[in-house]
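**Student:** Have a look at this one.
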Amino acid sequence: MARRSTKTPPPEDFEEKILDIDVVDEMQGSFLEYAYSVIYSRALPDARDGMKPVHRRIVYQMNEMGLRPDRGYVKCARVVGEVMGKLHPHGDASIYDALVRMAQPFSMRLPLVDGHGNFGSLGNDDPPAAMRYTECRMADATSLMTESIDEDTVDFQPNYDGQEREPVTLPAAYPNLLVNGASGIAVGMATNMPPHNLGEVVAAARHLIKHPAADLETLMRFVPGPDLPTGGRIVGLTGIKDAYEKGRGTFRIRATATVEDVSARRKGLVVTELPFTVGPEKVIAKIKDLVSAKKLQGIADVKDLTDRSHGLRLVIEVKNGFVPEAVLEQLYKLTPMEETFGINNVALVDGQPLTLGLKELLEVYLDHRFDVVRRRSEFRRTKRRDRLHLVEGLLVALIDIDEVIRLIRSSDNSAQAKERLIEHFSLSDIQTQYILDTPLRRLTRFDRIELESERDRLNGEIDELTGILESDSELRKLVSTELAAVSKKFSTPRRTVLLESAGSAVTAVPLEVADDPCRVLLSSTGLLARTVNGEALEGGDGRRTKHDVIVSAVPATARGDVGAVTSAGRLLRISVIDLPQLPDTASAPSLSGGAAVTEFLALEGDETLICLTTLDESSPGLALGTLQGVVKRVVPDYPTNKDELEVISLKEGDRIVGGVELRTGEEDLVFITSDAQLLRYQAAQVRPQGRAAGGMAGVKLAEGASVISFTAVDPAVEAVVFTVTGSHGTLDDSVRTAKLTPLDQYPRKGRATGGVRCQRFLKGEDMLVLGWAGASPARAARKNGAPVELPESDPRRDGSGTPFAPEVDVLAGPVL
């Protein structure tokens, strides 16, 4: 069975015509039409208002919808629908994307949309919410873009279907193209313009109004470079000058980063500003990739601590042993923390794409603004002339109101009344109709006074507008004044720092910290730190600050280890590079920049840190004294594969009360007991023992007495003894006594003897609560590190001391 054809036969008079067209010509013509459509209708901004058609249509439609800054927010979907249905024959996604960008403070220097909701994040790491969730209205500055648009200031054209009308350009009360920049890719060309500071651009425009022949160098005194909404640092200004002169150029943008103590153990780089269009997620991902590929060293961790309260805060922790400044230089080189921005100032001028320099951009805008103000003034003058015409006619009627009423009453109809009024008073048709339409209640003596006042005001305004229209200087002055008002209201301080060059100081810094000599310090409040070099620190009394009492100090190297001896007889290894570094101090060393011992050591219960020691096996060893009077010299044998060692075997209930690393082995060991006995003998009397040994008898203790202090003193230096009395019962601070005595008043005795009395007790005193012997001058501090002044020296070995009210928790001598 044959199939029936469904084709409609051609009409009988149909005549087939075939045109021969060269495919090359057809492709060329079609492509040029498409390219022009993309260039003019989509991708490139107009140099006058700085907007692409989609942006212009969004702003215009929001103005038509009454979404002003003092009104409530509406759903973005509603705005997108109105724009798409009336003005923009494209998809809703492209319209919403444009609206979102206009609401992002990190994309535009002066946002044009006031958004409510999630409008995305820097670098588009967090995309904006759907248009059905977000809300918007015009920003404060947006009203300046549409100001006086209803006063015939700009031309209008039909929309895509001819049912609506849209502006060809907006009045634009400020240079939006320079302030907010633009980017777009057309066919065969593209534009990429950075944002600028409103105050600077307006200042340059006003100078150009006053001095039309101003050169580029003069204008750049007002606009030295772009001012990006995300801040940052622009490095190198040569490319900017090229762009301002020829319309094309490049410059580098660097993130703003500072070196801070991000934890007690580490320094880090805190990034508070990133290059334009670069988000933190992009930087973090790049850093992690480089670290995994072992192309970037020194990075311990990366954290994004950005929030609404503090803004962008990207914390990059630097490993100990690496110089933060050198790591930062590597980040600039290898990551998006430094980006290149290529300026390409392509914009439409009279429908033609042109590459413009700074002066040309300002001139095009100012020409547009002159035209807007001129048309606005002409419109306002016409309106005022029309109103003046009506007011003058009504005044004529009011002068002889009785005759007017008589003529109207005696007329057969309104047409006859109109003709008689025109003939009798020589009025125009418009004036006569206005008189007839005016209610009688307006025709009073007070209304006449008001009309005369209005007539005078209108005449003054007409004269002022005429002066503007007939004088080019007045027109320029008005435009300059309006620009100054905009700048005063909306300008903000510059955010981007301009640098001639990056400098070479940072690049000269090695990446890793050198293994230079240093000193590790322990303070009375339990802080650890290292100095910048290994020189001795002179301890003076002139500049004493909090944490100024250093109870232990040992030489080391930046990449070496030191030992920490605890009251439980443990030696714990500490990596010097992990300790915070202090600046080089010539006097009054302070550990206010140190870190707490607990950040590096895990102490148990009431265990405390007694002293520091080097792990050098060539040293004379470590001297320890315990609560129960045991003394021990430890043989310096510290295996490198162990982080915890036992340096003394303690009896039950015993603990270490003092420890010091011997330097020569010729020092004197000094015990002070709670019953005010002092024993001094040479360290040579104590035989060195292995780490597992329990030591030997150091001082003979009376019943109930215990050791309160154990120190080692170089006999070649001047030394003192300081003691403070107390009581097992209740003792008023007012009767507490203290004594400072030269150590040379105490003779050497044999090891394991009872020593000599170092202070005589007064009534109510039966013990020492504090004792110490060491190099002069002695330093005393409270538990919080606050310094305490000591009493004058007393030469009596067993004197009773002097009243001493302040509480003292620790004593130490100068750090040599």
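**Student:** Go through segment 630-679 and report how many residues are touching a helix residue (DSSP H, G or I) at 6+ places or on another chain (Cβ under 8 Å) and surrounded by fewer than 23 Cβ atoms within 10 Å (Cβ to Cβ).
**Tutor:** 5
**Student:** Scan segment 451-488 for residues that are under 17 Å from residue 210 (Cβ atoms), in a helix (DSSP H, G or I) and among the hydroxyl-bearing types (Ser, Thr, Tyr) and jot them down.
**Tutor:** If the condition is that a residue be under 17 Å from residue 210 (Cβ atoms), in a helix (DSSP H, G or I) and among the hydroxyl-bearing types (Ser, Thr, Tyr), then 473, 480, 481, 487 are the ones that fit.
**Student:** So the check is Cβ under 7 Å with 6+ separation or different chains; which pairs have a first residue in segment 99-120 that's polar (S, T, N, Q) and a second one that's in a helix (DSSP H, G or I)?
**Tutor:** These pairs meet every condition: 107/101.
**Student:** Go through (1) under 21 Å from the mean Cα position of the chain (by Cα); (2) within 30 Å of residue 598 (Cα to Cα) and name the single condition residue 309 misses.
**Tutor:** Every condition holds for residue 309 apart from (2).
**Student:** Go through segment 154-248 and tell me which helices (runs of 4 or more DSSP H), entirely inside it, have 3 or more residues that are under 24 Å from residue 344 (Cβ atoms) and of a type in the set (D, E, K, R).
**Tutor:** Fully inside segment 154-248 and qualifying: 238-246.
**Student:** If you don't mind, there's one more thing I want to ask. Name the residues in segment 785-799 that are free of Cβ contacts under 8 Å to residues at least 24 places away in the same chain and aliphatic (A, V, I, L, M), would you?
**Tutor:** Across segment 785-799, the qualifying residue is only 788.
**Student:** Moving to a separate point now. Based on what the data block shows, is residue 288 within 24 Å of residue 510 (Cα to Cα) and of a type outside the set (Val, Ile, Thr)?
**Tutor:** It is true that residue 288 is within 24 Å of residue 510 (Cα to Cα) and of a type outside the set (Val, Ile, Thr).
**Student:** To continue, here is another question. Looking only at segment 1-53, which residues are surrounded by 10 or more Cβ atoms within 10 Å (Cβ to Cβ), hydrophobic (A, V, I, L, M, F, W, C) and either modelled with pLDDT under 70 or touching an Asp or Glu at 6+ places or on another chain (Cβ under 8 Å) (or both)?
**Tutor:** 31, 32, 35, 38, 39
**Student:** On to the next question. Looking at segment 754-796 only, could you name the residues that are assigned to a loop (DSSP other than H, G, I, E, B), of a type outside the set (D, E, K, R) and more than 50 Å from the chain's Cα centre (by Cα)?
**Tutor:** 754, 755, 758, 759, 761, 762, 764, 791, 795
**Student:** Can you name every residue in segment 314-337 that is in contact with a Leu (Cβ under 9 Å, 6 or more places away or on another chain), charged (D, E, K, R) and closer than 14 Å to residue 300 by Cβ?
**Tutor:** 317
**Student:** For segment 242-270, give me the residue count where each residue is farther than 28 Å from residue 575 by Cα and either among the β-branched types (Val, Ile, Thr) or touching a strand residue (DSSP E or B) at 6+ places or on another chain (Cβ under 7 Å) (or both).
**Tutor:** Adding up the residues that qualify gives 12.
**Student:** Within segment 282-290, does at least one residue satisfy the condition of being of a type in the set (Gly, Ala, Ser), within 23 Å of the chain's Cα centre (by Cα) and under 29 Å from residue 518 (Cβ atoms)?
**Tutor:** Checked against the condition, which is being of a type in the set (Gly, Ala, Ser), within 23 Å of the chain's Cα centre (by Cα) and under 29 Å from residue 518 (Cβ atoms), segment 282-290 yields no hits at all.
**Student:** What are the residues in segment 421-445 that are assigned to a loop (DSSP other than H, G, I, E, B), of a type outside the set (Val, Ile, Thr) and in contact (Cβ under 8 Å) with a residue 12 or more places away in the chain, if any?
**Tutor:** Correct list: 427, 428, 443.
**Student:** (1) at pLDDT 95 or above; (2) outside any loop (DSSP other than H, G, I, E, B): which one isn't true of residue 94, the others all being true?
**Tutor:** Of everything listed in (1) at pLDDT 95 or above; (2) outside any loop (DSSP other than H, G, I, E, B), residue 94 misses just condition (1).
**Student:** From the residues in segment 497-532 that are exposed (fewer than 13 other Cβ atoms within 10 Å of the Cβ) and either among the aromatic types (Phe, Trp, Tyr) or farther than 30 Å from residue 253 by Cβ (or both), which one is modelled with the highest pLDDT?
**Tutor:** 516
**Student:** Are any residues in segment 320-346 buried (at least 18 other Cβ atoms within 10 Å of the Cβ) and free of Cβ contacts under 8 Å to residues at least 60 places away in the same chain, and if so, which ones?
**Tutor:** Hit for segment 320-346 is 335, nothing else.
**Student:** For segment 413-456: of the residues being within 20 Å of residue 386 (Cα to Cα) and polar (S, T, N, Q), which is surrounded by the fewest Cβ atoms within 10 Å (Cβ to Cβ)?
**Tutor:** If we take residues in segment 413-456 being within 20 Å of residue 386 (Cα to Cα) and polar (S, T, N, Q), then 426 is surrounded by the fewest Cβ atoms within 10 Å (Cβ to Cβ).
**Student:** Residues 802, 723: which one is of a type in the set (Ser, Thr, Tyr) and closer than 17 Å to residue 710 by Cα?
**Tutor:** Values: 802 fails: closer than 17 Å to residue 710 by Cα.
One residue alone meets the criteria, 723.
**Student:** Given the structure, is residue 291 without any contact (Cβ under 8 Å) to a residue 40 or more places away in the chain, surrounded by 15 or more Cβ atoms within 10 Å (Cβ to Cβ) and outside any loop (DSSP other than H, G, I, E, B)?
**Tutor:** yes
**Student:** I'm trying to understand the selection: among the residues of segment 267-281, which are surrounded by fewer than 18 Cβ atoms within 10 Å (Cβ to Cβ) and outside any strand (DSSP E or B)?
**Tutor:** The answer is 281, and nothing else.
Residue by residue, here is whether (1) surrounded by 18 or more Cβ atoms within 10 Å (Cβ to Cβ); (2) more than 30 Å from residue 144 (Cβ to Cβ) holds:
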{"position": "188", "(1), (2)": "no, yes"}
{"position": "199", "(1), (2)": "yes, no"}
{"position": "221", "(1), (2)": "no, no"}
{"position": "258", "(1), (2)": "no, yes"}
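**Student:** Now, a different point. Among the numbered criteria (1) closer than 28 Å to residue 362 by Cβ; (2) in a helix (DSSP H, G or I), which single criterion is violated by residue 448?
**Tutor:** Going through (1) closer than 28 Å to residue 362 by Cβ; (2) in a helix (DSSP H, G or I) one by one, residue 448 breaks only (1).
**Student:** Separate question: Of the residues that sit in segment 578-616 and are at pLDDT 85 or above and closer than 14 Å to residue 551 by Cα, which one is surrounded by the most Cβ atoms within 10 Å (Cβ to Cβ)?
**Tutor:** Among those that are at pLDDT 85 or above and closer than 14 Å to residue 551 by Cα, it is 613.
**Student:** To continue, here is another question. Has segment 224-240 got any residue that is of a type in the set (D, E, K, R), out of contact with any Cys (no Cβ under 7 Å at 6 or more places or on another chain) and surrounded by 21 or more Cβ atoms within 10 Å (Cβ to Cβ)?
**Tutor:** Going residue by residue through segment 224-240, those that are of a type in the set (D, E, K, R) are 227, 233.
After this cut, where a residue has to be out of contact with any Cys (no Cβ under 7 Å at 6 or more places or on another chain) as well, the list is 227, 233.
Pick out the ones that are also surrounded by 21 or more Cβ atoms within 10 Å (Cβ to Cβ) and you get 227.
The answer is yes, given that some residue of segment 224-240 is of a type in the set (D, E, K, R), out of contact with any Cys (no Cβ under 7 Å at 6 or more places or on another chain) and surrounded by 21 or more Cβ atoms within 10 Å (Cβ to Cβ).
**Student:** Restricting attention to segment 65-79, which residues are charged (D, E, K, R) and at pLDDT 95 or above?
**Tutor:** 75, 78
The values are calculated or read from the model by the stated rules, or taken from the named source; none is laboratory data. What you are looking at is a predicted structure, and each value in this text was computed from that prediction instead of being measured. Glycine also receives a Cβ, built like all others from the backbone with ideal geometry; neighbour counts cover every protein chain displayed.
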